[in-house]
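The values are calculated or read from the model by the stated rules, or taken from the named source; none is laboratory data. Here the structure is a predicted model, which means the values were calculated and not measured. Quick reminder, even Gly has a Cβ in these numbers, built from the backbone with ideal geometry, and neighbours come from all protein chains shown. Just so you know, the surface numbers come from the protein's heavy atoms only, side chains and all, with ligands and any DNA or RNA stripped out. Shrake-Rupley method; radii C 1.70, N 1.55, O 1.52, S 1.80 Å.
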Amino acid sequence: MDKFTLPPEWAEQSAIQLTWPHAATDWHEYLDDICSVYTEMADAITRRERLLVVTPEPESVMAQLKKKLTDCQLANVTLHRCPTNDTWARDHGFITLTDGKTKRLLDFRFNGWGDKFPADLDNAINRSLYINKVVEGEYVDLNDFVLEGGSIESDGHGTVLTTSQCLLAPNRNQPLTRQEIEQRLKDYLGAERILWLDYGHLDGDDTDSHIDTLVRTAPDDTLLYVRCTDEQDSHYADLHLMEEQLKTLRTADGRPYRLLPLPMPRPIYDGEDRLPATYANFVIINGAVIYPTYAQPDNDRRAAEVLSQAFPGYEIAGIDCRALICQHGSLHCVTMQYPVGVLD
């Protein structure tokens, strides 16, 4: 490699970051349930690589982990004490580029998805990690530009996918135009081209249609995407338009993408509010794919089958995410991966 690029998420990793829930977050009403989900994630991650936990309460987190993890797994855990607003590491964590040797830690501004929620503490986590030498690499301050990790997908070969509904949403980067934002993405991420999706949403989503809830990249020019087949579902029309747009996309050398549809979970509600359940919000770690399940055996099983097609040779492991989607996100939303060399 002769320039910095954003590696695909299936590239070898040194660690995954979790920003742990606590009573001062929006999780306070069901803290025990969500901490159980985080512990399950920690168990899956530490079997295969290092885990970085950001938390204002490291002693409490370690006590929780000791109930589940072996001593060997606990040796893979790094705890960093830091105040936090919430838990969405995908969107406040470093976006890391590499040139094959050096790592470049991009610290974009996180503003609570367009000033919807307080985010000042979360936006300071990256600088704290760097100043305290928890992570290694070249720090790049990009706090003059709002960009969330859940809003972009990279194939590792210069193509980055995103959605116009998110990057052009209010209180992100106005008054920049689409063309100006695209150029910044190319400059900042080392991308050669940006593919914009103009359709697709999930009811209950706070992110203005993050790509990681809708479409994900996989090896061999593969795109996994959410397909809705129920014409009575409120998502049907928009997701159908998204599917048709995906069919028009071409790889850098002009070929159609291999498209693998993921099932749409049956509706899950919190009171009258539909929650944004999606199988697209999976996490790739070294040798495994951790994916969300929703106590829907047929759909859960079908999602695992599709993921096995996209990631042959990987273990496919499900984690029940019914508690996690109560705050409108899932596994990918609460994790951030670091390439080899950042935290080894």
field: Matching option when the condition is part of a loop (DSSP other than H, G, I, E, B), of a type outside the set (A, V, I, L, M, F, W, C) and either within 13 Å of the chain's Cα centre (by Cα) or at pLDDT 95 or above (or both), among 329, 318
entry: 329
message: Restricting to the range 164-181, give me the number of residues that are open to solvent by less than 50 Å² (accessible area, probe 1.4 Å) and either under 17 Å from residue 144 (Cβ atoms) or not in a helix (DSSP H, G or I) (or both).
response: 6
- request: Return yes when residue 262 is modelled with pLDDT of 95 or more, of a type in the set (A, V, I, L, M, F, W, C) and either touching a Ser or Thr at 6+ places or on another chain (Cβ under 7 Å) or buried (at least 23 other Cβ atoms within 10 Å of the Cβ) (or both) and no when it is not.
  value: yes
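Can you list the helices (runs of 4 or more DSSP H) found entirely within the range 1-112 that contain at least 1 residues being farther than 30 Å from residue 157 by Cβ, touching a residue at least 40 places away in the same chain (Cβ under 8 Å) and of a type in the set (Phe, Trp, Tyr)? Working first, answer last.
Numbers: elements: 31-46, 58-66, 71-74, 89-92.
In the range 1-112, the matching helices (runs of 4 or more DSSP H) lie at 31-46.
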task: Just one of (1) modelled with pLDDT of 95 or more; (2) open to solvent by 30 Å² or more (accessible area, probe 1.4 Å); (3) of a type outside the set (A, V, I, L, M, F, W, C) trips up residue 126, so point out which.
output: (2)
task: Would you check which residues across the range 188-221 are part of a loop (DSSP other than H, G, I, E, B) and without any contact (Cβ under 8 Å) to a residue 60 or more places away in the chain and list them?
output: 198, 199, 200, 201, 209, 220
query: Does residue 229 qualify as being of a type in the set (Ser, Thr, Tyr) and either closer than 19 Å to residue 297 by Cβ or part of a loop (DSSP other than H, G, I, E, B) (or both)?
result: yes
